[in-house]
Amino acid sequence: MKNKILFTIIALFCFHNLSYSQIVEMKLLDKQLYNARIKLVDEFFDRFNLKELHPEQNQADSNYKQNNLLALFDYDYVLQTKDSLGYSTIILFIDKIIEDNIKINYSDSNWTAVANCHGKFKGKSVEFKLYLNVENRKEDMYKWVITKAEGDIFTLKPSLTSEKIMLGPDDHETNFMSLKRITTEKDDVILNYKNKTFETDETSVFFALVHYGLLDIEFVSDLQFVFRQVPHYEFSIKDINRETTNSGWLINSLKYVE
């Protein structure tokens, strides 16, 4: 307890020995970092659409649009691509947005949230991805909907395949009594009884597991958003937390698509 009090006294002493100008400078730096950070996805939309400028950009600069869009990129990602074709892709991407006056909107159907989820399946920890899109409810009202689930627990791969695992050719003569047997076997061999053309749907499996109380989502460990509004380009954003003016929801991936 004494050590804790001593530490507090030392901290207060150090703070009070800072000059007034140092304290002001610290507050100004904090404000600068706060204003520069893209704190919300909606704020990313505004900066992309040039409704809002990065604090370090000025409309008096003839290249302010290019610079404002470049400031949307994670600079670590830009540095990784500067000596490759990736850097020229960034420049062409920015030019395309400006020349075609491309805007992105919340109501667009061609952007997707990708949530990496941690959960419990029958008491066992599991990881999987959920893909979500914005769907119109009515007039100007929207909601997020799950459009795809992806994970090993949804693939339903049988642990054993064998020609002996089947319903016999004469089972119809016994009123298919073997159907009772297939539900008492190991659960995951059930796919040995499907027809050759049937394909399992991971998303349907996800909904079924949740419906029957077999799967719980505990938390989202990672989240990114993928955008496809710019013709021939796909980019993603993630929340990058660091104490610089290049932080928040930033573009961390860009690729050219045919």
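The values are calculated or read from the model by the stated rules, or taken from the named source; none is laboratory data. Because the structure is predicted, anything quoted here is derived from the model rather than measured. Using ideal geometry, Cβ is built from the backbone for each residue, glycine included, and neighbour counts are taken over all protein chains shown.
Go through segment 108-163 and report how many residues are closer than 30 Å to Asn49 by Cα and not hydroxyl-bearing (Ser, Thr, Tyr).
Within segment 108-163, the first condition is being closer than 30 Å to Asn49 by Cα, and the residues that meet it are 108-116, 129-148.
Filter once more, keeping what is not hydroxyl-bearing (Ser, Thr, Tyr): 108, 110-111, 113-116, 129-130, 132-141, 143-146, 148.
The qualifying residues number 24.
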Filter pass, Ala115 being closer than 30 Å to Leu179 by Cα and either assigned to a helix (DSSP H, G or I) or not acidic (Asp, Glu) (or both): no
Boolean, Ile165 is touching a helix residue (DSSP H, G or I) at 6+ places or on another chain (Cβ under 9 Å), more than 27 Å from Leu191 (Cβ to Cβ) and in contact (Cβ under 8 Å) with a residue 24 or more places away in the chain: no
Which numbered condition Arg37 fails, given (1) within 24 Å of the chain's Cα centre (by Cα); (2) of a type in the set (Lys, Arg); (3) at pLDDT below 90: (3)
Filtered residue count, segment 117-143, keeping only those that are closer than 19 Å to Glu202 by Cα, within 21 Å of the chain's Cα centre (by Cα) and surrounded by 11 or more Cβ atoms within 10 Å (Cβ to Cβ): 12
Pair list, Cβ < 8 Å and 6+ apart or interchain, from segment 52-68 residues that are of a type outside the set (Gly, Ala, Ser) to residues that are exposed (fewer than 11 other Cβ atoms within 10 Å of the Cβ): Leu53/Gln59
Segment 119-178 - residue that is at pLDDT below 95, aliphatic (A, V, I, L, M) and touching a Ser or Thr at 6+ places or on another chain (Cβ under 7 Å) and, of those, farthest from Asp42 (Cα to Cα): Leu167
Of all residues making up segment 187-208, the number that are surrounded by fewer than 14 Cβ atoms within 10 Å (Cβ to Cβ), under 22 Å from Ile165 (Cα atoms) and polar (S, T, N, Q): 3
Extreme residue, nearest to Ser107 (Cα to Cα), among residues of segment 129-155 that are aliphatic (A, V, I, L, M) and in contact with a strand residue (DSSP E or B) (Cβ under 8 Å, 6 or more places away or on another chain): Val134
Selected residue (only one of Asp222, Asp201, Asp188, Asp170 is closer than 29 Å to Lys39 by Cβ and either touching an Asp or Glu at 6+ places or on another chain (Cβ under 6 Å) or acidic (Asp, Glu) (or both)): Asp222
His232, sole failed condition from (1) surrounded by fewer than 16 Cβ atoms within 10 Å (Cβ to Cβ); (2) on the phi < 0 side of the Ramachandran plot: (2)
